[in-house]
1. Inspect the range 184-192 for any residue being open to solvent by less than 60 Å² (accessible area, probe 1.4 Å), in a helix (DSSP H, G or I) and without any contact (Cβ under 8 Å) to a residue 60 or more places away in the chain and give the result as yes or no.
2. Considering each of Ala231, Ala253, Ala212, Ala216 in turn, give the residue that is surrounded by 15 or more Cβ atoms within 10 Å (Cβ to Cβ), in contact with an Asp or Glu (Cβ under 6 Å, 6 or more places away or on another chain), part of a helix (DSSP H, G or I) and at pLDDT 90 or above.
3. Would you check if there is a residue in the range 257-265 being without any contact (Cβ under 8 Å) to a residue 12 or more places away in the chain, part of a helix (DSSP H, G or I) and surrounded by fewer than 16 Cβ atoms within 10 Å (Cβ to Cβ)?
4. Would you check if there is a residue in the range 23-40 being touching an Asp or Glu at 6+ places or on another chain (Cβ under 7 Å), at pLDDT 90 or above, more than 23 Å from Trp112 (Cβ to Cβ) and open to solvent by 50 Å² or more (accessible area, probe 1.4 Å)?
5. Exactly one of these conditions fails for Ile148: (1) among the β-branched types (Val, Ile, Thr); (2) open to solvent by less than 30 Å² (accessible area, probe 1.4 Å); (3) within 19 Å of Ala45 (Cα to Cα). Give me its number.
6. Taking the range 59-77 as the search range and keeping residues that are crowded, with 20+ Cβ neighbours inside 10 Å and either touching a strand residue (DSSP E or B) at 6+ places or on another chain (Cβ under 8 Å) or in contact (Cβ under 8 Å) with a residue 60 or more places away in the chain (or both), which one is nearest to Phe189 (Cα to Cα)?
7. Suppose we filter the range 41-58 for residues that are open to solvent by 80 Å² or more (accessible area, probe 1.4 Å), part of a helix (DSSP H, G or I) and under 15 Å from Gly137 (Cα atoms); how many remain?
Amino acid sequence: FFLSCATPLCGLGAMRKAPVPLPAAPTPLEVLRDVLLFQGDYAFAYYIFLALYCAACCRNLKEALPRLTWFYAIPLAVLTSFGGGIMVPVLLGLPAAPLINEALIPTMMIAWACVQYLHPVLALLQSPFGRAASNSGFEVFRYHVLAICSDLASRTLPPVSTGPLAGTLSCALVGPLLCGMIGGCGGAFMPLSNGLKALEGSTIPWRVQSSAVMSAWHHLLTHDAAVRASAAEYVPFLADPAMVKLCGILFFAGLPALQQLGLLPAGLLGPNPFVINAAKVKRA
């Protein structure tokens, strides 16, 4: 009897599962990656950076055209801020971003109302801290728009099938490069009555040059397996598409910040209206 009872008891002890080890805490780099890519526990960061993006656009519009009326300012802000997200889907035969993402236009309207009617908000956005935060948020979100447009074109367009590059790339080339570039700087050509005025000067603006560079960076390292594998041989972390995006975001946000601090020439990769010296801030 005692032997027969001991066997089940021993079995129960053996059935007890070993304690599951707790997952390792994320490193600071992993936290930064998740915040800037709006993923994991930090998916809510999308709305924070969208608000910063809209705030920077409305502040810049208010400084350039201080006497805009409400019914003119909102369409102008939407066109100049989301121009890339409008033009690229239209080129690909798809609905424009403001039509399928219902957070865009309401957020822009709220941002304009705050800038227009709440003077402490405008003063905060024009302060050194507010300008740095909103400018950085603008650049982070701009890279996401560029990446989304590039990814959309890569999914929609067929791989290269003609010409000297036929069979050498596993994805389309010209279309995604152009769509990514337009996604990053399309607002500079909006409204359409502006035409190509942004390119008329002797130097190409930062927004256009940086979009061209990062469109190639994102597309080739994210969508072409051969290019990604070759790059990963020299820089292993580039094998992870998330790290490719993180590097692009840090380039977009970091270079203007270093220019604002005077650590890099202000005209590097073209003039940037968001990089402004103290005298101009005071006059604005």
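1. Going residue by residue through the range 184-192, those that are open to solvent by less than 60 Å² (accessible area, probe 1.4 Å) are 184-191.
Filter once more, keeping what is in a helix (DSSP H, G or I): 184-189.
In the following step, the residues that additionally are without any contact (Cβ under 8 Å) to a residue 60 or more places away in the chain were identified as none.
No - not one qualifying residue is present in the range 184-192.
2. Working: Ala231 fails: in contact with an Asp or Glu (Cβ under 6 Å, 6 or more places away or on another chain); Ala212 fails: in contact with an Asp or Glu (Cβ under 6 Å, 6 or more places away or on another chain); Ala216 fails: in contact with an Asp or Glu (Cβ under 6 Å, 6 or more places away or on another chain).
Answer to the check: Ala253.
3. Step one: of the range 257-265, the residues without any contact (Cβ under 8 Å) to a residue 12 or more places away in the chain are 258, 261-265.
Applying the additional criterion that residues be part of a helix (DSSP H, G or I) yields 258.
Filter once more, so that each one left must be surrounded by fewer than 16 Cβ atoms within 10 Å (Cβ to Cβ): 258.
Scanning the range 257-265, I find at least one residue that is without any contact (Cβ under 8 Å) to a residue 12 or more places away in the chain, part of a helix (DSSP H, G or I) and surrounded by fewer than 16 Cβ atoms within 10 Å (Cβ to Cβ), so the answer is yes.
4. Within the range 23-40, one or more residues are touching an Asp or Glu at 6+ places or on another chain (Cβ under 7 Å), at pLDDT 90 or above, more than 23 Å from Trp112 (Cβ to Cβ) and open to solvent by 50 Å² or more (accessible area, probe 1.4 Å).
5. It is condition (2) that Ile148 fails.
6. For the range 59-77, the residue satisfying everything is Asn60.
7. Of the range 41-58, the ones open to solvent by 80 Å² or more (accessible area, probe 1.4 Å) are 41, 44, 47-48.
Checking the rest, the ones that are also part of a helix (DSSP H, G or I) come to 41, 47-48.
Next, from what is left, pick out any that are under 15 Å from Gly137 (Cα atoms): 47-48.
Of the residues in the range 41-58, 2 are open to solvent by 80 Å² or more (accessible area, probe 1.4 Å), part of a helix (DSSP H, G or I) and under 15 Å from Gly137 (Cα atoms).
The values are calculated or read from the model by the stated rules, or taken from the named source; none is laboratory data. Being a predicted model, the structure only gives us computed values, none of them experimental. Please note: Cβ atoms are built from the backbone with ideal geometry, for glycine as well, and neighbour counts cover all protein chains shown. Accessible surface areas use protein heavy atoms only, side chains included; no ligands, DNA or RNA. Shrake-Rupley method; radii C 1.70, N 1.55, O 1.52, S 1.80 Å.
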